[in-house]
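Peer 1: I have a structure here, written as C-alpha coordinates, and I will follow up with some questions on it.
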Amino acid sequence: MATRDYYEVLGVARDASDADLKKAYRRLAMKYHPDRNPDDPEMEAKFKEAKAAYDVLRDGQKRAAYDQFGHAGVEGQSGPGGFGGADAFSDIFGEVFGDIFGAGRRGGRSQVFRGADLRYELELTLEQAVSGDSINIEIPSHIECARCTGSGAEPGTEPVRCTTCGGAGQVRVQQGFFSIQQTCRACQGAGKRIETPCRDCSGRGRVRKQRTLAVKIPAGVDSGDRIRLSREGEPGRNGGPPGDLYVDVEVKPHEIFTRAGQDLSCEVPISFATATLGGTVEVPTLAGHVVLKVPPETQSGNVFRLRGKGVRSVRAAGVGDLFCRVQIETPVHLTEAQKDSLRAFDESVRGGGSKHSPRARSWFDGVKDFFERMGT
(Lines give C-alpha, C1' and ligand atoms only; values in the text may rest on other atoms or scores of the structure.)
Protein backbone atom coordinates (compact mmCIF):
# COMPACT_ATOMS: atom_id res chain seq x y z
CA MET A 1 0.00 0.00 0.00
CA ALA A 2 1.36 3.44 -0.95
CA THR A 3 2.44 5.65 1.91
CA ARG A 4 0.21 8.69 2.32
CA ASP A 5 1.56 12.24 2.40
CA TYR A 6 2.60 13.02 5.96
CA TYR A 7 0.91 16.43 6.00
CA GLU A 8 -2.29 14.76 4.80
CA VAL A 9 -1.98 12.14 7.54
CA LEU A 10 -1.84 14.80 10.27
CA GLY A 11 -4.39 17.02 8.52
CA VAL A 12 -2.19 20.15 8.49
CA ALA A 13 -0.91 22.58 5.87
CA ARG A 14 2.65 22.29 4.56
CA ASP A 15 3.62 25.50 6.37
CA ALA A 16 2.21 24.29 9.71
CA SER A 17 4.13 25.40 12.80
CA ASP A 18 5.63 23.00 15.35
CA ALA A 19 2.75 23.83 17.69
CA ASP A 20 0.23 22.98 14.97
CA LEU A 21 1.97 19.66 14.32
CA LYS A 22 1.98 18.75 18.00
CA LYS A 23 -1.67 19.70 18.40
CA ALA A 24 -2.69 17.62 15.37
CA TYR A 25 -0.70 14.60 16.52
CA ARG A 26 -2.07 14.74 20.06
CA ARG A 27 -5.60 14.74 18.67
CA LEU A 28 -4.93 11.69 16.48
CA ALA A 29 -2.99 9.86 19.17
CA MET A 30 -5.82 10.27 21.65
CA LYS A 31 -8.23 8.95 19.04
CA TYR A 32 -6.28 5.99 17.63
CA HIS A 33 -3.99 4.82 20.48
CA PRO A 34 -4.31 1.05 20.97
CA ASP A 35 -4.85 1.43 24.71
CA ARG A 36 -8.13 3.13 23.87
CA ASN A 37 -8.91 0.76 21.01
CA PRO A 38 -7.83 -2.74 22.10
CA ASP A 39 -7.90 -5.53 19.51
CA ASP A 40 -8.58 -3.10 16.65
CA PRO A 41 -5.88 -3.52 13.95
CA GLU A 42 -7.23 -0.64 11.87
CA MET A 43 -6.92 1.86 14.72
CA GLU A 44 -3.43 0.55 15.51
CA ALA A 45 -2.38 1.06 11.90
CA LYS A 46 -3.69 4.61 11.88
CA PHE A 47 -1.85 5.36 15.11
CA LYS A 48 1.42 4.06 13.67
CA GLU A 49 0.86 6.08 10.52
CA ALA A 50 0.30 9.28 12.52
CA LYS A 51 3.34 8.54 14.68
CA ALA A 52 5.55 8.01 11.64
CA ALA A 53 4.37 11.30 10.11
CA TYR A 54 4.96 13.22 13.33
CA ASP A 55 8.40 11.65 13.89
CA VAL A 56 9.54 13.10 10.56
CA LEU A 57 7.80 16.49 10.55
CA ARG A 58 8.74 17.46 14.11
CA ASP A 59 12.46 17.08 13.22
CA GLY A 60 13.71 20.13 11.32
CA GLN A 61 16.29 18.26 9.19
CA LYS A 62 13.98 15.35 8.38
CA ARG A 63 11.18 17.73 7.49
CA ALA A 64 13.40 19.69 5.10
CA ALA A 65 14.49 16.46 3.39
CA TYR A 66 10.89 15.26 3.18
CA ASP A 67 9.70 18.59 1.71
CA GLN A 68 12.40 18.36 -1.01
CA PHE A 69 12.48 14.65 -1.86
CA GLY A 70 9.29 13.23 -0.39
CA HIS A 71 9.34 9.80 1.27
CA ALA A 72 12.60 8.94 -0.49
CA GLY A 73 14.36 11.71 1.44
CA VAL A 74 13.58 10.12 4.80
CA GLU A 75 13.53 6.46 3.84
CA GLY A 76 14.96 4.34 6.63
CA GLN A 77 14.66 7.16 9.18
CA SER A 78 11.05 6.56 10.13
CA GLY A 79 8.30 4.10 9.63
CA PRO A 80 5.36 2.39 11.19
CA GLY A 81 7.50 0.68 13.82
CA GLY A 82 6.44 -0.47 17.22
CA PHE A 83 5.35 1.75 20.08
CA GLY A 84 5.54 1.72 23.85
CA GLY A 85 5.84 3.82 26.96
CA ALA A 86 8.69 5.88 25.48
CA ASP A 87 7.11 6.68 22.10
CA ALA A 88 6.39 10.20 20.81
CA PHE A 89 2.92 10.09 22.31
CA SER A 90 4.38 9.60 25.78
CA ASP A 91 6.93 12.33 25.11
CA ILE A 92 4.21 14.85 24.36
CA PHE A 93 2.20 14.02 27.46
CA GLY A 94 5.37 13.92 29.52
CA GLU A 95 5.97 17.54 28.51
CA VAL A 96 2.41 18.55 29.35
CA PHE A 97 2.28 16.89 32.76
CA GLY A 98 5.88 17.82 33.46
CA ASP A 99 4.83 21.49 33.28
CA ILE A 100 1.93 20.85 35.62
CA PHE A 101 4.05 19.14 38.26
CA GLY A 102 6.96 21.56 37.98
CA ALA A 103 9.26 19.77 35.56
CA GLY A 104 12.93 20.28 36.20
CA ARG A 105 15.81 20.82 33.85
CA ARG A 106 16.55 18.41 31.04
CA GLY A 107 19.49 16.09 31.04
CA GLY A 108 18.97 14.52 34.46
CA ARG A 109 19.86 17.57 36.47
CA SER A 110 18.20 18.51 39.75
CA GLN A 111 14.72 19.96 39.70
CA VAL A 112 14.55 23.75 39.97
CA PHE A 113 12.13 25.46 42.36
CA ARG A 114 11.17 29.13 42.47
CA GLY A 115 11.51 30.76 45.89
CA ALA A 116 8.48 31.54 48.01
CA ASP A 117 6.86 34.98 47.94
CA LEU A 118 7.00 37.08 51.12
CA ARG A 119 4.48 39.54 52.54
CA TYR A 120 5.23 42.57 54.72
CA GLU A 121 2.72 44.95 56.36
CA LEU A 122 3.94 48.54 56.30
CA GLU A 123 2.27 51.28 58.36
CA LEU A 124 2.55 54.83 57.00
CA THR A 125 1.48 58.23 58.23
CA LEU A 126 -0.95 60.12 56.05
CA GLU A 127 1.82 62.58 55.16
CA GLN A 128 4.12 59.76 54.00
CA ALA A 129 1.35 58.14 51.95
CA VAL A 130 0.38 61.41 50.25
CA SER A 131 3.84 62.76 49.46
CA GLY A 132 5.72 59.47 48.97
CA ASP A 133 8.81 58.36 50.84
CA SER A 134 11.68 55.89 50.94
CA ILE A 135 11.57 53.61 53.98
CA ASN A 136 13.99 50.96 55.17
CA ILE A 137 12.36 47.75 56.35
CA GLU A 138 13.81 44.67 58.04
CA ILE A 139 12.95 41.40 56.29
CA PRO A 140 13.57 37.97 57.82
CA SER A 141 15.05 35.92 55.02
CA HIS A 142 17.25 32.93 54.25
CA ILE A 143 20.74 33.20 52.81
CA GLU A 144 23.30 30.65 51.72
CA CYS A 145 24.96 28.88 54.63
CA ALA A 146 28.58 30.02 54.89
CA ARG A 147 29.75 26.81 56.53
CA CYS A 148 28.62 24.43 53.78
CA THR A 149 28.39 27.04 50.95
CA GLY A 150 24.81 26.01 50.33
CA SER A 151 25.39 22.28 49.80
CA GLY A 152 23.72 21.32 53.08
CA ALA A 153 26.47 18.77 53.77
CA GLU A 154 28.96 19.05 56.63
CA PRO A 155 32.35 20.26 55.32
CA GLY A 156 34.50 17.29 54.35
CA THR A 157 31.48 15.32 53.13
CA GLU A 158 29.48 15.43 49.91
CA PRO A 159 25.82 14.86 49.07
CA VAL A 160 25.26 11.46 47.48
CA ARG A 161 23.26 10.67 44.41
CA CYS A 162 19.62 9.78 45.08
CA THR A 163 19.07 6.11 44.32
CA THR A 164 15.32 6.51 43.85
CA CYS A 165 15.49 8.89 40.87
CA GLY A 166 19.07 8.23 39.81
CA GLY A 167 19.97 11.88 40.38
CA ALA A 168 17.32 13.26 38.01
CA GLY A 169 15.16 14.73 40.76
CA GLN A 170 12.11 13.32 39.02
CA VAL A 171 10.44 9.99 38.46
CA ARG A 172 8.06 8.89 35.72
CA VAL A 173 4.81 7.16 36.58
CA GLN A 174 3.03 5.24 33.83
CA GLN A 175 -0.78 5.38 34.03
CA GLY A 176 -2.27 3.65 31.03
CA PHE A 177 -0.93 5.51 28.03
CA PHE A 178 -0.13 8.60 30.16
CA SER A 179 3.47 9.08 31.23
CA ILE A 180 3.45 11.52 34.15
CA GLN A 181 6.62 13.13 35.44
CA GLN A 182 6.66 13.82 39.18
CA THR A 183 9.05 15.22 41.76
CA CYS A 184 11.08 12.54 43.50
CA ARG A 185 9.78 12.29 47.05
CA ALA A 186 12.97 10.78 48.40
CA CYS A 187 15.16 13.81 47.57
CA GLN A 188 12.43 16.46 47.06
CA GLY A 189 13.65 17.09 43.52
CA ALA A 190 17.28 17.81 44.45
CA GLY A 191 18.66 14.66 42.84
CA LYS A 192 20.96 14.23 45.83
CA ARG A 193 20.64 13.12 49.44
CA ILE A 194 22.60 14.43 52.40
CA GLU A 195 23.88 11.76 54.75
CA THR A 196 25.88 14.10 57.04
CA PRO A 197 23.93 17.39 57.40
CA CYS A 198 25.76 20.66 58.06
CA ARG A 199 25.57 21.53 61.75
CA ASP A 200 24.85 25.22 61.07
CA CYS A 201 21.94 24.83 58.66
CA SER A 202 20.86 21.24 59.50
CA GLY A 203 21.21 20.22 55.88
CA ARG A 204 19.02 22.96 54.44
CA GLY A 205 21.88 24.85 52.83
CA ARG A 206 20.45 28.17 54.06
CA VAL A 207 20.33 30.06 57.34
CA ARG A 208 17.86 32.65 58.59
CA LYS A 209 19.01 36.27 58.70
CA GLN A 210 17.52 39.76 58.84
CA ARG A 211 18.18 41.97 55.84
CA THR A 212 17.41 45.63 55.23
CA LEU A 213 15.55 46.75 52.12
CA ALA A 214 14.76 50.27 50.96
CA VAL A 215 11.14 50.50 49.83
CA LYS A 216 10.21 53.40 47.59
CA ILE A 217 6.68 54.56 48.43
CA PRO A 218 4.97 56.23 45.45
CA ALA A 219 3.05 59.41 46.22
CA GLY A 220 -0.69 58.89 46.73
CA VAL A 221 -0.80 55.32 48.05
CA ASP A 222 -3.63 54.38 50.38
CA SER A 223 -4.61 51.58 52.73
CA GLY A 224 -5.00 48.32 50.82
CA ASP A 225 -2.43 49.20 48.15
CA ARG A 226 0.32 46.67 47.51
CA ILE A 227 3.88 47.32 46.36
CA ARG A 228 5.69 44.46 44.60
CA LEU A 229 9.44 44.13 44.91
CA SER A 230 10.50 41.66 42.24
CA ARG A 231 12.95 38.90 43.23
CA GLU A 232 13.21 40.08 46.84
CA GLY A 233 11.42 37.06 48.31
CA GLU A 234 12.86 33.74 49.44
CA PRO A 235 15.75 32.40 47.31
CA GLY A 236 14.98 29.52 44.97
CA ARG A 237 16.20 25.96 45.33
CA ASN A 238 18.71 24.25 43.07
CA GLY A 239 19.43 27.47 41.21
CA GLY A 240 15.78 28.50 40.86
CA PRO A 241 14.78 32.18 40.78
CA PRO A 242 13.85 33.96 44.02
CA GLY A 243 10.27 34.84 44.83
CA ASP A 244 8.83 38.33 45.18
CA LEU A 245 8.20 40.54 48.19
CA TYR A 246 4.75 42.12 48.52
CA VAL A 247 4.50 45.17 50.78
CA ASP A 248 0.91 45.80 51.96
CA VAL A 249 0.27 49.44 52.84
CA GLU A 250 -1.80 50.49 55.85
CA VAL A 251 -2.21 54.24 56.54
CA LYS A 252 -2.48 55.10 60.23
CA PRO A 253 -5.42 57.24 61.44
CA HIS A 254 -4.68 60.97 61.37
CA GLU A 255 -5.41 63.28 64.28
CA ILE A 256 -7.07 65.87 62.02
CA PHE A 257 -7.95 64.48 58.60
CA THR A 258 -9.99 61.58 57.33
CA ARG A 259 -9.20 60.37 53.81
CA ALA A 260 -11.63 59.02 51.23
CA GLY A 261 -9.83 58.40 47.96
CA GLN A 262 -8.52 61.77 46.76
CA ASP A 263 -10.61 63.81 49.21
CA LEU A 264 -9.88 64.82 52.78
CA SER A 265 -12.34 65.90 55.46
CA CYS A 266 -11.98 67.48 58.87
CA GLU A 267 -14.06 69.14 61.59
CA VAL A 268 -13.51 72.84 62.29
CA PRO A 269 -14.70 74.28 65.64
CA ILE A 270 -16.03 77.84 65.45
CA SER A 271 -17.40 80.17 68.11
CA PHE A 272 -21.06 81.04 68.49
CA ALA A 273 -20.29 84.65 67.61
CA THR A 274 -18.43 83.68 64.40
CA ALA A 275 -21.27 81.38 63.35
CA THR A 276 -23.83 84.12 64.01
CA LEU A 277 -22.03 87.18 62.68
CA GLY A 278 -19.71 85.55 60.15
CA GLY A 279 -15.95 85.78 60.04
CA THR A 280 -12.84 83.83 59.13
CA VAL A 281 -11.04 80.87 60.62
CA GLU A 282 -7.67 79.30 59.82
CA VAL A 283 -7.95 75.74 58.50
CA PRO A 284 -4.97 73.33 58.27
CA THR A 285 -4.18 71.48 55.03
CA LEU A 286 -1.35 69.09 54.19
CA ALA A 287 0.29 71.96 52.31
CA GLY A 288 -0.15 74.60 55.03
CA HIS A 289 -2.87 76.84 56.51
CA VAL A 290 -5.66 78.46 54.48
CA VAL A 291 -8.37 80.92 55.50
CA LEU A 292 -11.97 79.71 55.50
CA LYS A 293 -14.66 82.38 55.19
CA VAL A 294 -17.67 81.65 57.41
CA PRO A 295 -20.84 83.43 56.26
CA PRO A 296 -23.26 84.93 58.82
CA GLU A 297 -25.93 82.64 60.33
CA THR A 298 -23.90 79.46 59.68
CA GLN A 299 -25.42 76.39 61.33
CA SER A 300 -23.47 73.69 63.12
CA GLY A 301 -22.73 70.79 60.74
CA ASN A 302 -22.53 72.90 57.58
CA VAL A 303 -19.85 71.63 55.19
CA PHE A 304 -17.56 73.89 53.19
CA ARG A 305 -15.56 72.63 50.21
CA LEU A 306 -12.01 73.79 49.52
CA ARG A 307 -11.19 72.72 45.96
CA GLY A 308 -7.77 71.32 45.21
CA LYS A 309 -6.80 70.98 48.87
CA GLY A 310 -7.14 67.21 48.98
CA VAL A 311 -4.56 64.67 47.80
CA ARG A 312 -3.32 63.19 44.54
CA SER A 313 -4.10 59.50 44.19
CA VAL A 314 -1.60 57.02 42.82
CA ARG A 315 -4.33 55.71 40.48
CA ALA A 316 -5.99 58.90 39.19
CA ALA A 317 -5.00 62.27 37.80
CA GLY A 318 -5.81 65.55 39.51
CA VAL A 319 -6.08 66.52 43.15
CA GLY A 320 -9.07 66.00 45.41
CA ASP A 321 -10.83 68.49 47.69
CA LEU A 322 -10.90 69.25 51.41
CA PHE A 323 -14.33 69.20 53.08
CA CYS A 324 -14.59 71.21 56.30
CA ARG A 325 -17.53 70.48 58.61
CA VAL A 326 -18.00 73.32 61.07
CA GLN A 327 -19.03 72.59 64.65
CA ILE A 328 -20.20 75.41 66.89
CA GLU A 329 -18.36 75.15 70.18
CA THR A 330 -20.31 75.74 73.38
CA PRO A 331 -18.42 78.10 75.72
CA VAL A 332 -17.27 76.62 79.03
CA HIS A 333 -16.08 78.03 82.40
CA LEU A 334 -18.10 81.25 82.02
CA THR A 335 -17.96 84.00 84.64
CA GLU A 336 -21.12 85.23 86.33
CA ALA A 337 -21.02 88.40 84.26
CA GLN A 338 -20.78 86.37 81.05
CA LYS A 339 -23.65 84.15 82.15
CA ASP A 340 -25.80 87.22 82.89
CA SER A 341 -25.02 88.62 79.46
CA LEU A 342 -25.90 85.31 77.85
CA ARG A 343 -29.23 85.11 79.73
CA ALA A 344 -30.11 88.63 78.63
CA PHE A 345 -29.23 87.75 75.05
CA ASP A 346 -31.33 84.58 75.19
CA GLU A 347 -34.33 86.54 76.50
CA SER A 348 -34.04 89.01 73.65
CA VAL A 349 -33.87 86.21 71.10
CA ARG A 350 -36.90 84.44 72.58
CA GLY A 351 -38.79 87.68 72.35
CA GLY A 352 -38.43 87.62 68.60
CA GLY A 353 -40.27 84.27 68.31
CA SER A 354 -39.53 82.15 65.25
CA LYS A 355 -37.85 85.10 63.56
CA HIS A 356 -34.52 84.31 65.20
CA SER A 357 -34.89 80.52 65.58
CA PRO A 358 -36.84 79.14 62.57
CA ARG A 359 -35.46 75.62 62.88
CA ALA A 360 -36.34 75.33 66.56
CA ARG A 361 -39.83 76.67 65.90
CA SER A 362 -40.49 74.18 63.09
CA TRP A 363 -39.12 71.33 65.21
CA PHE A 364 -41.43 72.10 68.13
CA ASP A 365 -44.36 72.38 65.74
CA GLY A 366 -43.49 68.92 64.38
CA VAL A 367 -43.33 67.47 67.89
CA LYS A 368 -46.71 68.97 68.73
CA ASP A 369 -48.31 67.48 65.57
CA PHE A 370 -46.81 64.08 66.37
CA PHE A 371 -48.34 63.88 69.85
CA GLU A 372 -51.70 65.08 68.52
CA ARG A 373 -51.68 62.23 65.96
CA MET A 374 -50.80 59.78 68.70
CA GLY A 375 -53.68 61.03 70.81
CA THR A 376 -51.56 61.91 73.81
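Peer 1: Report, by residue number, each residue of segment 1-16 that is in a loop (DSSP other than H, G, I, E, B), at pLDDT 85 or above and among the aliphatic types (A, V, I, L, M).
Peer 2: Hits for segment 1-16 are 12, 13, 16.
Peer 1: While we're here: Taking residue 223 as the residue in question, decide whether it is among the small types (Gly, Ala, Ser), part of a strand (DSSP E or B) and modelled with pLDDT of 80 or more. Let's see the steps before the verdict.
Peer 2: Working: among the small types (Gly, Ala, Ser): yes; part of a strand (DSSP E or B): no; modelled with pLDDT of 80 or more: yes.
When the stated conditions are applied, residue 223 does not pass them.
Peer 1: Okay, moving on. Take the residues in segment 282-294 that are open to solvent by 60 Å² or more (accessible area, probe 1.4 Å) and without any contact (Cβ under 8 Å) to a residue 60 or more places away in the chain; name whichever of them is nearest to residue 217 (Cα to Cα). Step through it out loud before you land on a result.
Peer 2: Let us first name the residues in segment 282-294 that are open to solvent by 60 Å² or more (accessible area, probe 1.4 Å), namely 282, 286-287, 289, 291, 293.
In the following step, the residues that additionally are without any contact (Cβ under 8 Å) to a residue 60 or more places away in the chain were identified as 282, 287, 289, 291, 293.
On the way: 282: 31, 287: 19, 289: 26, 291: 31, 293: 36 Å.
By that ranking, first place goes to 287.
Peer 1: Right, another one. Of (1) open to solvent by 80 Å² or more (accessible area, probe 1.4 Å); (2) in contact with a helix residue (DSSP H, G or I) (Cβ under 9 Å, 6 or more places away or on another chain); (3) farther than 23 Å from residue 251 by Cβ, residue 279 satisfies all except one. Which?
Peer 2: Every listed condition holds for residue 279 apart from (1).
Peer 1: A further question on this structure: For segment 266-275, how many residues meet the condition of being surrounded by 13 or more Cβ atoms within 10 Å (Cβ to Cβ) and without any contact (Cβ under 8 Å) to a residue 40 or more places away in the chain?
Peer 2: Residues flagged as surrounded by 13 or more Cβ atoms within 10 Å (Cβ to Cβ) and without any contact (Cβ under 8 Å) to a residue 40 or more places away in the chain within segment 266-275 amount to 1.
Peer 1: Yes or no: segment 228-236 includes at least one residue that is open to solvent by 60 Å² or more (accessible area, probe 1.4 Å) and free of Cβ contacts under 8 Å to residues at least 12 places away in the same chain.
Peer 2: no
Peer 1: Now a separate question. Pairs needed: first member in segment 37-50, polar (S, T, N, Q); second member anywhere, open to solvent by 50 Å² or more (accessible area, probe 1.4 Å) and part of a helix (DSSP H, G or I); C-beta distance under 8 Å; at least 6 residues apart or different chains.
Peer 2: 37/44
Peer 1: While we're on this one: Considering only segment 17-33, how many residues are surrounded by fewer than 16 Cβ atoms within 10 Å (Cβ to Cβ) and either part of a loop (DSSP other than H, G, I, E, B) or in contact with an Asp or Glu (Cβ under 7 Å, 6 or more places away or on another chain) (or both)?
Peer 2: Qualifying residue count for the region: 1.
Peer 1: Quick check: anything in segment 297-314 aliphatic (A, V, I, L, M), open to solvent by 30 Å² or more (accessible area, probe 1.4 Å), part of a loop (DSSP other than H, G, I, E, B) and modelled with pLDDT under 95?
Peer 2: yes
The values are calculated or read from the model by the stated rules, or taken from the named source; none is laboratory data. Since this is a predicted model, take the numbers as computed values, not measurements. Methodologically, a virtual Cβ is constructed for each residue, glycine included, from the backbone with ideal geometry; neighbour enumeration extends over all protein chains shown. Ligands, DNA and RNA are excluded from the accessible area calculation, which covers all protein heavy atoms including side chains. Shrake-Rupley method; radii C 1.70, N 1.55, O 1.52, S 1.80 Å.
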